[in-house]
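Shown next, in structure tokens, is the structure this report addresses.
The values are calculated or read from the model by the stated rules, or taken from the named source; none is laboratory data. A quick note: this is a predicted structure, and the numbers were derived from the prediction, not measured. Here the Cβ positions follow ideal geometry from the backbone for every residue, glycine too, while neighbour counts run over all protein chains shown. Please note that ligands, DNA and RNA were not included when accessible areas were found on the heavy atoms of the full protein model with its side chains. Shrake-Rupley method; radii C 1.70, N 1.55, O 1.52, S 1.80 Å.
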Amino acid sequence: MVTESVGTARAAGCTGTLVVRMDSAFYGAAAVSAARKAGAHFSVTARMDPKIRAAIAAIGEDAWTPIRYPAPSG
């Protein structure tokens, strides 16, 4: 589905950066890999289970990277 969606966007004339946004139902290697192989960026949510909470807690404060959101045009 991800590969087809990116292909459809490109066939429709989209030439910029494509971002595939996925909810936690698509949290997994297959969907992320498909987005990467299709040349798209991706954003995927993860279920907040104990393993995810522990992984987030283990990230040092100095390891976080700020996200720069571009100003809307127009």
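Filtering segment 40-59 down to residues that are open to solvent by 60 Å² or more (accessible area, probe 1.4 Å) and among the β-branched types (Val, Ile, Thr), which residue is nearest to residue 21 (Cα to Cα)?
Taking the candidates together, the pick is 45.
Looking at 23, 62, which is the one that is open to solvent by less than 90 Å² (accessible area, probe 1.4 Å) and charged (D, E, K, R)?
The conditions single out 23.
Condition first: in contact with a strand residue (DSSP E or B) (Cβ under 9 Å, 6 or more places away or on another chain) and either assigned to a helix (DSSP H, G or I) or over 19 Å from residue 9 (Cα atoms) (or both). Now tell me which residues in segment 32-41 satisfy that.
32, 34, 35, 36
Looking at (1) exposed (fewer than 14 other Cβ atoms within 10 Å of the Cβ); (2) modelled with pLDDT under 95; (3) within 18 Å of the chain's Cα centre (by Cα), find the lone condition where residue 37 falls short.
(2)
Yes or no, residue by residue, for (1) modelled with pLDDT under 95; (2) among the basic types (Lys, Arg); (3) in a helix (DSSP H, G or I):
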site: 25; (1), (2), (3): yes, no, yes
site: 30; (1), (2), (3): yes, no, yes
site: 43; (1), (2), (3): yes, no, no
site: 48; (1), (2), (3): yes, no, no
site: 54; (1), (2), (3): no, no, yes
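Filter segment 2-40 down to the residues that are touching a residue at least 12 places away in the same chain (Cβ under 8 Å) and aliphatic (A, V, I, L, M) and list them by number.
2, 6, 18, 19, 20, 22, 31, 32, 34, 35, 38, 40
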